[in-house]
Amino acid sequence: MKAQQSMRFPDLRLAISASEKMPPEMFEHFYNLTGVELFDSIGSSEITYEWIANSPRAFKRGSLGKPVFGYTIRLIDAEGDDVVEPNVPGEAWVKSQTACFYYWRKYDKSRETFVGEWARTGDNLSFDEEGFFWFSGRNNDLFKVKGLWVSPIDIEASLTTHPAVREAAVVSFEDQDGLTKPRAFVVLRDGFSQSAQLVEELKAAVAPLGSYKIPESIRFIEQLPRTTLLKIDRKALRE
């Protein structure tokens with residue numbers, strides 16, 4: 001099977017992904033199509049390059065990989081302490097020789113982002129027992145429901161396991177009582193249509209994550225709004 005599929009791309013040896021977090025099944029689909037693993041990574045304009053990446057020597061499907069040589073990574077939790085235990089999310093701070101010094105004509109933003117030798121990325125990550133890093137979401141994408149932090153990435157991954165869902169995005173909204181709840185925007189695959197039964201099935205797919213993560217509202221749309229970098233435009237979804 002792999003050999004036959006690889007013949008479609010005989011010269012393809014390496015594929016690298018960055019910018020937007022992809023659904024877990026996308027990695028398997030890419031491998032089944034090409035016979036080549038898709039190496040995910042993360043970088044930022046302020047750091048210039050990718051600072052965590054998968055490589056042929058250190059690879060785990062779906063993870064961001066491990067720190068690139070020359071880059072030091074620390075995770076800082078909501079209380080300002082270093083994360084020292086696996087599977088605990090925190091904001092990634094990066095120390096390197098490639099980071100910029102400040103933002104042009106943005107003094108306050110520069111002071112907030114660049115702290116001594118460290119650059120705050122705004123990306124929330126966690127690391128597992130083997131030292132591979134996993135993406136949890138952007139700082140401004142996380143929200144609290146019933147006092148508990150919610151990462152849209154987890155809910156979106158559960159929603160896209162349903163065969164009817166092509167892609168999904170989750171943001172927060174305030175219900176009629178002023179309480180923060182998750183709202184999901186779902187793009188369906190061809191041949192599927194929205195229904196009350198489908199809504200219940202999607203909520204059931206999220207239920208194992210915890211009742212507070214089940215979307216209070218599910219809206220079906222034709223396509224997700226994107227930024228100029230083709231990332232999901234969550235700001236547009238909140239409006």
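Output the residues belonging to the range 162-191 that are surrounded by 15 or more Cβ atoms within 10 Å (Cβ to Cβ) and in a loop (DSSP other than H, G, I, E, B).
Selection gives H162, A164.
Residue check: is E200 part of a helix (DSSP H, G or I) and without any contact (Cβ under 8 Å) to a residue 60 or more places away in the chain?
When the stated conditions are applied, E200 passes them.
Restricting attention to the range 124-147, and to residues there that are charged (D, E, K, R) and either in a loop (DSSP other than H, G, I, E, B) or under 11 Å from the mean Cα position of the chain (by Cα) (or both), which single residue is surrounded by the most Cβ atoms within 10 Å (Cβ to Cβ)?
Ranking the qualifying residues of the range 124-147, first place goes to D141.
For the structure I just gave you, tell me whether S41 is polar (S, T, N, Q), modelled with pLDDT of 90 or more and part of a loop (DSSP other than H, G, I, E, B).
So S41 does not fit the description; no.
Scan the range 203-215 and give yes if some residue there is part of a loop (DSSP other than H, G, I, E, B), in the same structural domain as Q176 (by TED's automatic domain parsing), in contact with a strand residue (DSSP E or B) (Cβ under 8 Å, 6 or more places away or on another chain) and on the phi < 0 side of the Ramachandran plot, otherwise no.
Checked the range 203-215: at least one residue is part of a loop (DSSP other than H, G, I, E, B), in the same structural domain as Q176 (by TED's automatic domain parsing), in contact with a strand residue (DSSP E or B) (Cβ under 8 Å, 6 or more places away or on another chain) and on the phi < 0 side of the Ramachandran plot.
So which residues in the range 16-36 are closer than 26 Å to R226 by Cα and either part of a loop (DSSP other than H, G, I, E, B) or under 16 Å from the mean Cα position of the chain (by Cα) (or both), if there are any at all?
I16, S17, A18, S19, E20, K21, M22, P23, P24, E25, M26, F27, listed by residue number.
Do we find that P10 is under 20 Å from G131 (Cβ atoms) and assigned to a loop (DSSP other than H, G, I, E, B) in this structure?
No: the conditions fail for P10.
Mind checking whether some residue in the range 168-176 is among the aromatic types (F, W, Y) and without any contact (Cβ under 8 Å) to a residue 60 or more places away in the chain?
There is no residue in the range 168-176 that is among the aromatic types (F, W, Y) and without any contact (Cβ under 8 Å) to a residue 60 or more places away in the chain.
Could you check, for the range 98-107, whether at least one of its residues is at pLDDT below 95, polar (S, T, N, Q) and farther than 18 Å from T48 by Cα?
Within the range 98-107, none of the residues are at pLDDT below 95, polar (S, T, N, Q) and farther than 18 Å from T48 by Cα.
How many residues does the range 42-99 hold that are in contact with a helix residue (DSSP H, G or I) (Cβ under 9 Å, 6 or more places away or on another chain) and in contact (Cβ under 8 Å) with a residue 40 or more places away in the chain?
Going through the range 42-99 one residue at a time, the tally reaches 3.
Going by what's in this entry, would Q223 be described as over 19 Å from G137 (Cα atoms) and in a loop (DSSP other than H, G, I, E, B)?
yes
Cβ contacts < 6 Å: first residue within 11 Å of T180 (Cβ to Cβ), restricted to the range 137-155; second residue among the β-branched types (V, I, T) and surrounded by 14 or more Cβ atoms within 10 Å (Cβ to Cβ), any location; separation 6+ or different chain. Result?
Close Cβ pairs (under 6 Å, with a partner that is among the β-branched types (V, I, T) and surrounded by 14 or more Cβ atoms within 10 Å (Cβ to Cβ)) amount to F143/V150; F143/T180; V145/T180.
For the range 156-167, name all the residues that are of a type in the set (S, T, Y) and either over 19 Å from F192 (Cβ atoms) or touching a residue at least 60 places away in the same chain (Cβ under 8 Å) (or both).
T160, T161
The values are calculated or read from the model by the stated rules, or taken from the named source; none is laboratory data. As the structure is a prediction and not an experimental result, all values here were calculated from the model. Every residue, glycine as well, gets a Cβ built from its backbone with ideal geometry; the counts of neighbours run over all protein chains shown.
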